[in-house]
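The values are calculated or read from the model by the stated rules, or taken from the named source; none is laboratory data. Please read all numbers here as calculations on a predicted model, not as lab measurements. Positions of Cβ are backbone-derived with ideal geometry, glycine not excepted, and every protein chain shown enters the neighbour counts.
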Amino acid sequence: MNLSREAAWQLLTEWTQSDSLRKHALAVEAALRGYARRFGENEDEWAIVALLHDFDYERYPTLGEHPVKGTEHLRSLGYPQWVTRAILSHAVEVTGVQRESKLEKALYACDEMSGFVTAAALVRPSKSVLDLEASSVIKRMKDKAFARAVPREHLKAGADEIGLPLADHITNVIMSLREQADALGLRGTL
């Protein structure tokens, strides 16, 4: 199979109608591209995993079906095992697939953090990621009412898994999202 971002994007948009879920995939893609560069890995391959990690969520929103059903479909299309394994590992609690590779750990680290950073940017007066700093995100993490569905322990565990202090990981995600601020709707008034 010839892996391509275009094919991954097409599959994502075929299965996912929600603009917010598509933007989430784009945010995770931006963050994973940043980490691929940092780790000397293939950006395009990591981007494909990012785009597809939640592609089945609208069809199969319950844990146990998501991401299992989606990875079954990916296998039927000929996606390689390292793609499906990475996707399964981001939900280790239900799949049992332990995160081992840099890609798997980075996907886990960037999944919830990308969403949390996006939320933190959107509540700023500027509604922008361009003036967001890690200290503001950390402050929001302490507010249990803010983005209450995001488990704070997952944000911290993700940074630990990639071997970075939390503030450094947050800064890396912010910087990656800044590169795609327009596509993510995070330029705001700046």
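When only residues in region 93-103 that are out of contact with any Asp or Glu (no Cβ under 8 Å at 6 or more places or on another chain) and assigned to a helix (DSSP H, G or I) count, which is farthest from Met1 (Cα to Cα)? Top of the filtered list is Glu93.
Being under 28 Å from Gln17 (Cα atoms), under 18 Å from the mean Cα position of the chain (by Cα) and either in a helix (DSSP H, G or I) or at pLDDT below 95 (or both) is the requirement here; does Ala106 meet it? Steps first, please.
Numbers: under 28 Å from Gln17 (Cα atoms): yes; under 18 Å from the mean Cα position of the chain (by Cα): yes; either in a helix (DSSP H, G or I) or at pLDDT below 95 (or both): yes.
Yes: the conditions hold for Ala106.
Set side by side, the residues Leu130, Leu164 differ, and just one is out of contact with any helix residue (DSSP H, G or I) (no Cβ under 7 Å at 6 or more places or on another chain) and either among the hydrophobic types (A, V, I, L, M, F, W, C) or at positive phi (or both), which is Leu164. Taken over region 157-187, the criterion of being within 20 Å of Ser89 (Cα to Cα) and more than 15 Å from the chain's Cα centre (by Cα) is satisfied by Asp160, Gly163, Leu164. Annotation note: Cβ proximity below 9 Å between a residue of region 138-160 that is closer than 12 Å to Tyr108 by Cβ and without any contact (Cβ under 8 Å) to a residue 60 or more places away in the chain and a residue that is part of a helix (DSSP H, G or I) and β-branched (Val, Ile, Thr) (sequence gap 6+ or interchain) occurs for Leu155/Val137; Leu155/Ile170; Ala159/Ile170. Does Lys105 satisfy the condition of being within 24 Å of Met175 (Cα to Cα), among the basic types (Lys, Arg) and touching a Leu at 6+ places or on another chain (Cβ under 9 Å)? Judged against the criteria, Lys105 is not a match.
Selection of first residues in region 24-39 that are farther than 13 Å from Leu103 by Cβ and of second residues that are of a type in the set (Phe, Trp, Tyr), restricted to Cβ pairs under 8 Å at least 6 apart or on distinct chains, gives the following pairs, ordered by first then second residue: Ala25/Phe55. Checking each residue in region 69-92 for being of a type in the set (Gly, Ala, Ser), part of a loop (DSSP other than H, G, I, E, B) and at pLDDT 95 or above picks out only Gly78.
Between Leu63, Leu52, the distinction of being touching a residue at least 24 places away in the same chain (Cβ under 8 Å), within 19 Å of Ala7 (Cβ to Cβ) and of a type outside the set (Val, Ile, Thr) belongs to Leu52 only. Sort out which residues of region 151-184 are loosely packed, with under 14 Cβ neighbours inside 10 Å and assigned to a loop (DSSP other than H, G, I, E, B), and write them in order of number. Result: Pro151, Gly163, Pro165. Pairing residues of region 81-109 that are of a type in the set (Ser, Thr, Tyr) with residues that are outside any helix (DSSP H, G or I), at Cβ distances under 6 Å and at least 6 apart in sequence or on separate chains, gives Ser89/Val97; Ser89/Arg99; Tyr108/His90; Tyr108/Arg99.
When region 112-127 is limited to residues that are crowded, with 24+ Cβ neighbours inside 10 Å and under 8 Å from the mean Cα position of the chain (by Cα), the one that is nearest to Pro165 (Cα to Cα) turns out to be Met113.
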